[in-house]
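Notes follow once the structure below has been shown.
The values are calculated or read from the model by the stated rules, or taken from the named source; none is laboratory data. Since we're looking at a predicted model, the values are computed, not measured. Methodologically, a virtual Cβ is constructed for each residue, glycine included, from the backbone with ideal geometry; neighbour enumeration extends over all protein chains shown.
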Amino acid sequence: MTSDAPKALGQSLLQKSLRKFRRDKFGMAALAVVAVFGLIALGVKAGLFCTLDQATTPVGDQFVKPFAAYERRLPDGTRAKAVSVFGTDIQGRDVFTKLVYSIKQAFAIGLIVSVLSVLVGVVLGCISGYFGGIVDDALLWVYTAINSVPFILWIISISYAFGRGFTGVVVALACTFWVGVYFNVRSEVHRLKEMEFVLASESYGASKWSIIFRDIVPNLTHLIFVFLSLDFIAAVKNEVLLSFLGLGIAGEPSWGVMIANARLDLLAGKWWEVTGATVLLFILVMAFNMLTDALQDAFDPKKVG
Amino acid sequence: MSAPLLTVSGLKKHFPVKGGLLRRVTGWVYALNGVSFTLKEGDTLGLVGESGCGKSTLGRTLMRLYEPTEGSIVFQGRDIAKLSNKELMPYRREMAMVFQDPYASLNPRMTVSDVVSAPMRAHGVGSAQDRRDRVAELLEVVGLRAQAATRYPHEFSGGQRQRVGIARALVLQPKLVIADEPVSALDVSIRAQVVNLMMRLKERFRLTYVFIAHDLSIVEYISTHVAVMYLGHVMEKASSKDLYANPRHPYTQALISANPVPDPARRREKQVLKGEIPSPMAPPAGCVFNTRCPLAEERCRAEVPVLRDVSKGGDEHLVACHLVKE
């Protein structure tokens, strides 16, 4: 426990974890990539880069190749010579604009789904793990029931029931993802509940809420961070899958919609739309995976030295 | 003579074992089977026994961390065995616990100051400033520097952490401190320091201890009285001096003879116990020690011995054995 290296005194575990995380080069690089995507998403949301209108309005002929000269339709109906960035799709819409707009879609889904599922999972996991009894039995039963059917079937059926669109995707994903968080939090709470510092709190008569909020929840930080990250990735990937199956977002571009719609174009040699969406998806998911690993390393109390 | 601070009678704690799909109760762990003793103010009762004999369960049941199955715990004249959590609150100020593992008994996310003052907050004692003052005072009492208050548990060694745990136990000025193997997780070199600290604190704050340990020499050193436990029963209880000089129960004799003595010239005949402790889920009939007792007779396998006084005047010396003559 005692190391010879001089260390800052009075440093909390969280501060130590942050320091460790900052020293992790891969983790920081991954965070930088995620941050760039995040900033673009924010920019799109604020209408700085492109609007939904721009992403859905044709700007030229269909299937203009990337980096090729073409005649661009301007909003006033006139035409001007321009060089395409990443070509146009079957209806002549600008692929690059669609790609950038889709970053916002991915972030919106990832953030909403991960925050919702972690919130629900942590709250129910704490209740189930700490209080036990009938509530625990009931929640565990729900967990087992949801877990005994492949997730993708749940996601498909829930989003089908909700109808195509953003809300359907978010509800379907959040409804299935919380169970993973719940089960892990529940077993961690079970472990923490038997720890002597919780017994100590009980021995001097601390209230149940004080034990949950002061003793248990602060010791779940590592799980919360890791699940936020994991569920973000899973949500982004599943949105693509749902859209590919025709159950995802409608009326707006997203990587999934782009891949789904352009997959037949690929046979005709029009590779840019599918490639663009896939590459961006890959970079974001890869960076998030690396970020999750780094978070796990830095925040797991067993690894914080 | 003053009334005893703590009188425990017939205390039982049985844990249900659940199994199967519907988690029905499939058996019971008989952790405590009718433990009785009294403890006067200012005394230190050492509880010894092998792992799994129920001594930690006893400590935790006394603190009402576990619900007693049966029996009474009379503390300061009132039976606290059946009180609700709310009714217990005033008594929780009067009794405190020091835990075994100093690495697990302090919340890693709290500063030492928060840890030590937590009992005050739970009881709504004092203002924030009062709490800070009290923490500073206690840290000094247990031999830590005042700067320790703003640090986190992971910045301390095991011995220092145990001092923090002791400070937390003392913060509400309890009468009774139950120490559950407070030094067994510490380095041998640190144990004496912590035990001496606990003895000094006892004098200074007029504490009464229940000191749970499996190290016989430490118990001999700190305790005024010792109770030997086996499978949830008290087998023998006497003053510390009497028990070590003149152990009467065959189990106590075996324990003491197994305890190493730092004197190479002295050789004692060792009684090595055969076999293992039977499972507390299926304790043997009759005297629970009969399966390992070198002297066991027919009667021991049939009849449960009760604790009786075998002293010839003077302090009481209680033994639960059919074969011990008065």
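Candidates in the range A:202-213 are the residues that are in a helix (DSSP H, G or I) and within 7 Å of chain B (Cβ to nearest Cβ); of these, the one that is farthest from the chain's Cα centre (by Cα) is A:SER203. With respect to the conditions (1) of a type in the set (Asp, Glu); (2) closer than 28 Å to B:ILE166 by Cβ; (3) surrounded by 16 or more Cβ atoms within 10 Å (Cβ to Cβ), B:GLU203 lacks only one, and its number is (3). Looking at this structure, is A:GLY10 assigned to a loop (DSSP other than H, G, I, E, B), on the phi > 0 side of the Ramachandran plot and loosely packed, with under 14 Cβ neighbours inside 10 Å? In short, no. Checking B:ALA118, B:ALA81 one by one, the residue that is touching a strand residue (DSSP E or B) at 6+ places or on another chain (Cβ under 9 Å) and crowded, with 18+ Cβ neighbours inside 10 Å is B:ALA81 and no other.
Scanning the range B:241-262 for residues that are assigned to a loop (DSSP other than H, G, I, E, B) and either of a type in the set (Val, Ile, Thr) or on the phi > 0 side of the Ramachandran plot (or both) yields a count of 1.
Within the range A:144-168, being within 20 Å of the chain's Cα centre (by Cα), assigned to a helix (DSSP H, G or I) and of a type in the set (Gly, Ala, Ser) holds for A:SER159, A:GLY168. Of the residues in the range A:171-181, none is within 14 Å of chain B (Cβ to nearest Cβ) and without any contact (Cβ under 8 Å) to a residue 24 or more places away in the chain. Put simply, of A:ALA200, A:ALA174, A:ALA206 the only residue that is touching a strand residue (DSSP E or B) at 6+ places or on another chain (Cβ under 8 Å) and buried (at least 20 other Cβ atoms within 10 Å of the Cβ) is A:ALA200. Counting only helices (runs of 4 or more DSSP H) wholly contained in the range A:18-135, the ones carrying 2 or more residues that are closer than 30 Å to A:GLY180 by Cα occupy A:25-45, A:95-131. Screening A:THR144 against (1) at pLDDT 95 or above; (2) among the hydroxyl-bearing types (Ser, Thr, Tyr); (3) surrounded by fewer than 20 Cβ atoms within 10 Å (Cβ to Cβ) leaves a single unmet condition, (1). When the strands (runs of 3 or more DSSP E) confined to the range B:129-231 are screened for residues that are touching a residue at least 60 places away in the same chain (Cβ under 8 Å) and within 14 Å of chain A (Cβ to nearest Cβ), those reaching at least 2 such residues are found at B:176-180, B:208-212. Among the residues of the range B:306-321, those that are farther than 17 Å from B:LEU45 by Cβ and of a type in the set (A, V, I, L, M) comprise B:VAL306, B:VAL310. Against the list (1) modelled with pLDDT of 95 or more; (2) surrounded by 24 or more Cβ atoms within 10 Å (Cβ to Cβ); (3) not aliphatic (A, V, I, L, M), the condition B:TYR251 fails is (1).
Among the residues of this structure, B:VAL272 does not count as one that is at pLDDT below 90, surrounded by 13 or more Cβ atoms within 10 Å (Cβ to Cβ) and not in a helix (DSSP H, G or I).
Here A:VAL226, A:VAL217 are screened, and the one residue that is aliphatic (A, V, I, L, M), within 14 Å of another protein chain (Cβ to nearest Cβ) and either assigned to a helix (DSSP H, G or I) or crowded, with 22+ Cβ neighbours inside 10 Å (or both) is A:VAL217.
Among the residues of the range A:150-157, is any at pLDDT 90 or above and buried (at least 20 other Cβ atoms within 10 Å of the Cβ)? No, the range A:150-157 has no match at all.
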